[in-house]
1. Using a basic spin-label model with each label point 7 Å from the Cα along Cα→Cβ, how many nm lie between residue A:31 and residue A:392?
2. Check which residues have an amide H placed less than 5 Å from residue B:70's amide H, if you skip close sequence neighbours.
3. Between residue B:351 and residue A:362, what FRET efficiency follows from the Cβ-Cβ distance if R0 is 60 Å, with the result rounded to 0.05?
4. Taking Cα pairs under 8 Å and at least six residues apart, what relative contact order does segment A:340-452 come out at, in percent?
5. With θ taken as phi - 60° and the coefficients 6.51, -1.76 and 1.60, list the Karplus ³J(HN,Hα) couplings across segment B:301-315 in order, rounded to whole Hz; mark glycine and proline as x.
6. Compute the FRET efficiency between residue A:20 and residue B:379 as 1/(1 + (r/R0)^6), taking r as their Cβ-Cβ distance and R0 = 35 Å, and round to the nearest 0.05.
7. Hey, rough spin-label estimate for residue B:33 and residue B:325, points 7 angstrom out along Cα→Cβ, what's it come to in nanometres?
8. Using a simple charge model, +1 on the beta-carbon of Lys and Arg, -1 on the beta-carbon of Asp and Glu, nothing else, what dipole does segment A:196-321 show about its Cα centre, in debye to the nearest 20?
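Read-outs throughout are calculated quantities, based only on the coordinates presented, and are distinct from any laboratory measurement. Because the structure is a prediction, the values reported are computed rather than measured. Here the Cβ is made from the backbone with ideal geometry for all residues, glycine too, and neighbour counts use every protein chain on show.
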Amino acid sequence: MSLPSDYSNEINSLNREVLKAQPSDVLQFCANFFLRRLESQRAEFLLSQQHSNQKGGGMAESNFPGSNPFGSSTSGTNLSGMHSVEEEDENDVFASPTASSFPPNAMDPNTSRNQASDKSGSSTFGNFGGFSSGSRSQPPSSFPGGAQQQQVNTDSSQSFPNNYNMNRRTSVSAESLNPTSASDDNWTPPHHQKTPDQQARLKAAVSGNFLFSHLDDEQSAQVLGALQEKSLPAKGIKVITQGDVGDYFYVVESGRFDIYVNRSGKLEPGPDGLGNKVGQVGPGGSFGELALMYNAPRAATVMSSEPSTLWALDRVTFRRILMDSAFQRRRMYESFLEEVPLLSSLTPYERSKIADALSTTKFPSNTTIIKEGDVGRAFYILESGTAEVYKRGIDKPVRKYGKGDYFGELALLDDKPRQASVVSSSEVKVAQLGKEGFQRLLGPVEGIMRRNDPSKMEGSAGEGVDPLAQGR
Amino acid sequence: MAAAAIHRITSHLHHKHDDEPPPPKQNAYPGESEEEVMARREEEKQLIADWEDEKRPLEPDQIAIDPAKKIVGHSSKHLRCEDFELIKTLGTGTFARVWLARLAGPKEGDQDKIFALKVLRKPDVIRLKQVEHVRNERNVLAAVAGHPFVTTMIASFQDHDTLYMLLDYCPGGEVFSYLRRARRFNEPTSQFYAAEIVLILEFLHENQGVAYRDLKPENILIDAEGHLKLVDFGFAKKVDNRETYTLCGTPEYLAPEVIRNTGHGCAVDWWAFGILVYEFLVGQPPFWDQNPMKIYEQIVEGKVRYPSAMSPEARDLIGSLCTVDTSKRLGNIKGGAGTVKSHPWFRQIDWDALYHRRIQGPIVPHLRGPADTRNFDEYDPEPADRDPYTRELQEKYDSSFADF
């Protein structure tokens, strides 16, 4: 007859613990071990009871009583900018018709009935033991210490916005894109002609959207140029359908659209399949912006309510424009950085870190970028335009700078005053990095200059090795 | 001897495979006789069983060697699905299913050796455009196999239309489940788990040049001894010193530079780590709205609000990690992961003892035997109809799966 398997498991894990800990007092060690197992099993049992009570209900807001320090601002009351959709009611669950569909119980006010049953149990398991207890969860209050810790947590004013979705979250991803200049194909973004009026309206329509507000002038021009006109000759044409995959973002040029949401999460067949009308959108409004990020199911159906015109932009075009310009700018910065003798010993990894941290500033013509005698704090690379160098006492420029030239790099080294002034002679774009930023990323420049054999550094920082991790 | 082995294997075939035609022998090395192939299969099964006995974490320099020479992480040309008995589904994704599995026809003493077998159907992987991600996953897992806090890929293999990754089984289930049941973790618990995650990120970034890109409690499991195992390397990518652009991750955990598409690297994991610590301590991530676009707007703005009960050290750590400017983000600045490890919030952590699993975790799952699945949810059975792996697909894609 063999031993029960539960027994063998316990003994085996005790053996492992003994091997690992090599206790001097074996008997006490074993006693402690079994006591811990017992405690853990008991907590486990209570936890599983608690768990089974919750079957059928999400672990959502009403688990978390108490005041809510997060206030209302997280629940979407500050509708602004892009979301020019007019709300029919105050139900902020559908703040935007373009939101992805979250599991219905997160939005459904009826969910609360499911949670009534967990209230009793929830306070028992607010806390896990500390490092050494070895217990899986908060033991019942007969265990001293546990109750005390519990106090700390429920006492606190920590609480939750009352709409957090407590379910498992799914990962999202967009199409894998490779920068144009890194591959063979010669992609240029599509360009659709627009009148200056149309252009201005489009610009205003997207100005409040954070996806567009970070774009520089060139990116912005490319993106607006890529918007394509779509006309909807009649009422009742569905532009997007709830539950479908989303690829396009739309701006309304003229006309009007109704927004419908079906609680089931998708458009259903039949006369009521659209669900409830939750809003309307007119000229200057926009919808579908989540599609510019990744392919998420549409959260609403949008249908024309009169003959209308739209501007449409697809995700791949949008993301490619952003990616290509970011990619080109980084490579340009890296190649400029290679030319700076002070930084010649940087590894490619370090150069890419610096390129990542460079920020672009535009100056109009005739601006003094650095001034002779000032304490230098930043280093500049001229990205476009021209500039001239002046020294006190000489009335003619002593040098001229063009694209790719750099200046002020000694500021990275010490706090000596600037040796000359640099004044823009056309509109210029400069990439700059402060001494502090440089030191945060790579440490003092002196250390980098002191590397006596830069070629060796490059060679040893082979694939996958962070040079920063070396020689620390 | 070999005949006996064959008999033992076939008699233990899982019933699921009874109606299927025998798999093509594409994986056997050419020139090997039937007996040699069977012998190699048995040998591999023995190696797997032996490994399960100890599950000893490797030192960083032992992990770094070529996966083909390491005791774990190799591509097996001999193992087959029939070498495992599939017991129960542990989890499903859009194109993968993870099974609790044990060796089919186990030797005496090997009955309790339990694994997780991740099964991916090639046609689904292709349809969902995940070929590149699946390749990245397998290769990263092979390279990191042996790390104490990363799920160990013991071996990978394939047959005609399916890819397999044999992983170690973490019977504790997801940290996510414990966190939701507990609402939030106290500071010592959060510190312990966060510290093990720091060791993972340090290793992935600084030894491997890999960005993980999907950190969240759902992807962190607890093993039988109460330590963490990071799973699901579907978005992990070897980035080295080049930035990458594909948007991927989980909405609440996306870093600002991912949303803005300006190019991103390993720094995204430090941002997500800050979100994770916040979620441990508070019970939900700092940026949240019903409307995902509103989440992204908050992330790009980067203003984290802390509950009044949170300790100043925790706030400082989270604030330094969740910094929009990557040149200021803790973990990404000079000193790398070391700057995170030396943060006051981790003052009490003995990092060496932690790596060697000498510190007891706060939750040690209570288990009735090694195959206990109580910490995993129930899943629907696998749908019967599968997309066929056509000759056309095979010709176009099979070379992409050659690593398996």
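1. Distance between label points: 8.5 nm.
2. none
3. Details: r = 46 Å, r/R0 = 0.77.
The computed FRET efficiency comes out at 0.85.
4. On the way: 231 pairs, mean separation 43.0, N = 113.
Dividing the mean separation by the residue count of segment A:340-452 yields 38 percent.
5. 6, x, 9, 8, 9, 10, x, 5, 7, 6, 5, x, 5, 5, 4
6. On the way: r = 34 Å, r/R0 = 0.98.
FRET efficiency, residue A:20 to residue B:379: 0.50.
7. 7.3 nm
8. On the way: 13 positive and 14 negative charges, 63 e Å.
With Lys and Arg at +1 and Asp and Glu at -1, about 300 debye.
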